[in-house]
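Remarks on the structure that follows.
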Amino acid sequence: MTYDLVIVDCDGVLVDTERISSEVVSFLLKEQGLGMSPEEVAQGSTGLSETDMWLMYEAELGKSLSEDMSERLLSLESERFRTELRSMPGVVDVREALRQR
C-alpha cells in the first residue's frame, strides 16, 4: 500500500504535550486557590478551548482568575517544552515505516 499523505494531530499524538500542559495548568490553578491534580485538569479540560477552560475554572472558583493566566501558561509551557518534550512511544518507528513505503 502506498500513501500520498498522512495527517496526524500533533498534541498528544506525536509529542507528549498534554502531560506537560496539564501539569502547568494544575500549578497555575493551585496558585489561584483551586487544588487540582494534572490528571483532574486533563480529564476536565481536554477538548475545550483555552478560553472555555479558564471560564470553567473561574466558575469552579467563584471568582475571576488572574488576568495574566494565558500569558503565564504560554511562558511556562514553552519553557518546559524546550527541555522536556519527547516523542510519543512508537512515533519514530511509524515515521520510518511510512517513509520506507
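Evaluate the following for Thr46: is it in contact with a helix residue (DSSP H, G or I) (Cβ under 9 Å, 6 or more places away or on another chain) and either under 18 Å from Met69 (Cα atoms) or touching a residue at least 60 places away in the same chain (Cβ under 8 Å) (or both)? Quick ask: steps written out before the conclusion?
On the way: in contact with a helix residue (DSSP H, G or I) (Cβ under 9 Å, 6 or more places away or on another chain): yes; either under 18 Å from Met69 (Cα atoms) or touching a residue at least 60 places away in the same chain (Cβ under 8 Å) (or both): yes.
Answer is yes for this residue.
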Given (1) modelled with pLDDT of 90 or more; (2) under 17 Å from the mean Cα position of the chain (by Cα); (3) not acidic (Asp, Glu), Ser87 misses just (1)
Glu40 meets each of (1) charged (D, E, K, R); (2) farther than 30 Å from Val91 by Cα; (3) modelled with pLDDT of 95 or more with one exception, condition (2)
Of Glu71, Glu77, Glu96, the only residue that is closer than 20 Å to Gly44 by Cα and either modelled with pLDDT of 95 or more or over 15 Å from the mean Cα position of the chain (by Cα) (or both) is Glu77
Scanning region 16-46 residue by residue, the ones that are assigned to a helix (DSSP H, G or I) and within 25 Å of Ser87 (Cβ to Cβ) total 17
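Could you please let me know if Arg72 is surrounded by 12 or more Cβ atoms within 10 Å (Cβ to Cβ), in contact with a helix residue (DSSP H, G or I) (Cβ under 9 Å, 6 or more places away or on another chain) and charged (D, E, K, R)?
Working: surrounded by 12 or more Cβ atoms within 10 Å (Cβ to Cβ): yes; in contact with a helix residue (DSSP H, G or I) (Cβ under 9 Å, 6 or more places away or on another chain): yes; charged (D, E, K, R): yes.
Yes; evaluated as a whole, the condition is true for this residue.
State yes or no: is Leu5 aliphatic (A, V, I, L, M), modelled with pLDDT of 85 or more and within 26 Å of Ser87 (Cβ to Cβ)? Show your work before the answer.
Working: aliphatic (A, V, I, L, M): yes; modelled with pLDDT of 85 or more: no; within 26 Å of Ser87 (Cβ to Cβ): yes.
Answer is no for this residue.
Tell me, please, whether a residue that is among the aromatic types (Phe, Trp, Tyr) and loosely packed, with under 11 Cβ neighbours inside 10 Å can be found in region 5-27.
Of the residues in region 5-27, the ones among the aromatic types (Phe, Trp, Tyr) are 27.
Going one step further and asking which of them are loosely packed, with under 11 Cβ neighbours inside 10 Å, we end up with none.
No: region 5-27 contains no residue that is among the aromatic types (Phe, Trp, Tyr) and loosely packed, with under 11 Cβ neighbours inside 10 Å.
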For region 19-32, pairs from a residue that is touching a residue at least 60 places away in the same chain (Cβ under 8 Å) to a residue that is surrounded by 15 or more Cβ atoms within 10 Å (Cβ to Cβ), with Cβ under 6 Å and 6 or more apart or across chains, are Ile20/Arg80
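The values are calculated or read from the model by the stated rules, or taken from the named source; none is laboratory data. Here the structure is a predicted model, which means the values were calculated and not measured. Cβ sites come from the backbone with ideal geometry, for glycine too, and all protein chains shown count toward neighbours.
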